[in-house]
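The values are calculated or read from the model by the stated rules, or taken from the named source; none is laboratory data. Since the structure is predicted, the reported quantities are computational estimates derived from the model, not experimental observations. Ideal geometry is used to build each Cβ from the backbone, glycine not excepted, and the neighbour counts take in all protein chains shown.
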Amino acid sequence: MRLAAALLLTAAVVRAAAPLPLGAVPPGKVFLVVLSHHDDHTWEYGFGGFIARLTEAGWAGYYVRTTNDEKDSRVGWGRGDQINLREAREAIGHLGMKDVISLNWRNDHMDSVPLAEVRAQMVLLLRKYRPDVVMTWNPWGHYDRNPDHRKVARAMAEALYQAPLENAYPEHLAAGMRPHQVRQVYYTQRSDYGKGHTPNIAIAIEPRHVEQKGKAFWAHRNVYDTPALARQIREELARRGMAIPEFDGLTDEQAIEKLRKWQMEWASRETGKRAGVAYAEAFYLVDEWDMLPGLHEYLKEHVAAR
Ligand SMILES: [Zn+2]
């Protein structure tokens, strides 16, 4: 019953959380999602609904999977790596994204890769794809126990600072690329791998986006198709004289799929309550002009009103 206990605990944390202002879809046409593993964007703390909303509005989105995910499998490392890449492509298809870019660093071993090398890859990707929006791990959150998450968070934050600088990686400029400043960065962090982070904005999503993120999550069957978990929950509840009526007549395979969909829908609904909408996702946004305090307010008062 560790799962049920975790769900209850998460519920308590979310309900106690402060209200969040609602953000709008930003201007732009290209976004880059840079995370560590094949499934990081599809979790309840991820970007699935926001991604679906942007692609529906005509944006082009690319998913950067930094590791090879060899450990995320029950069928052996090499075979798991191949299945996970295939399922990652299926998942981004459900969300309307264009491609998966695999950097293929060894899963759980990113600490042994020089930070400068990962950062250089990220700067190159920013200058190649020139995104208006980036979604990635929050480097300013509390400790995240996953080493690949921490490595990508730090490398990406530094790359976002260096990509606009002409003196950073001049070989990119010699190869025909130009410096690039990202307008908006949306950060997230897992809440169950540490104390999480403090979001400052919510993005409303529609039921169809919740459905899409549920499908994208379930596309990673190599990791989440765990009928043993459904069986464990049923047996534990039966011992206490309890049952989940919606599971009646379902196989353990069908029950775990239903449970995962509930999980996704529930998390989006709880975040929606914080922003006064049916469904939402919460992020820490670093907006353009944030490095120039007061300019946001000036533009709102003096320019937007014209
Ligand atoms: Zn991960």
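For the condition under 30 Å from GLY80 (Cα atoms) and out of contact with any Cys (no Cβ under 7 Å at 6 or more places or on another chain), what is the one hit in LYS215, LYS273?
After applying the criteria, what remains is LYS215.
Residue by residue through the range 132-191, note down the ones that are within 16 Å of the ligand (Cβ to nearest atom), in contact with a Ser or Thr (Cβ under 9 Å, 6 or more places away or on another chain) and under 22 Å from MET97 (Cβ atoms).
MET135, THR136, TRP137, ASN138, ASP148, HIS149, VAL152, ALA153, ALA155, MET156, TYR187, THR188
Go through the residues of the range 116-134 one by one and say whether even a single one is within 21 Å of the chain's Cα centre (by Cα), surrounded by 15 or more Cβ atoms within 10 Å (Cβ to Cβ) and assigned to a strand (DSSP E or B).
yes
Does GLY28 count as at positive phi, touching a residue at least 12 places away in the same chain (Cβ under 8 Å) and away from the ligand (no atom under 11 Å from the Cβ)?
Yes, satisfied.
For the range 76-95, which positions are assigned to a helix (DSSP H, G or I), of a type in the set (Gly, Ala, Ser) and farther than 13 Å from ASP40 by Cα?
Matches in the range 76-95: GLY78, GLY80, GLY93.
Considering every residue within the range 60-72, establish whether at least one is among the basic types (Lys, Arg) and either touching a Ser or Thr at 6+ places or on another chain (Cβ under 6 Å) or surrounded by fewer than 22 Cβ atoms within 10 Å (Cβ to Cβ) (or both).
yes
In the range 73-89, which residue that is small (Gly, Ala, Ser) and touching a residue at least 40 places away in the same chain (Cβ under 8 Å) is surrounded by the fewest Cβ atoms within 10 Å (Cβ to Cβ)?
Residue satisfying both the conditions and the ranking: SER73.
From the residues in the range 137-170 that are surrounded by 22 or more Cβ atoms within 10 Å (Cβ to Cβ) and assigned to a loop (DSSP other than H, G, I, E, B), which one is modelled with the highest pLDDT?
ALA163
From the set of residues in the range 171-191 that are loosely packed, with under 14 Cβ neighbours inside 10 Å and among the charged types (D, E, K, R), which is nearest to VAL30 (Cα to Cα)?
Here the answer is ARG178.
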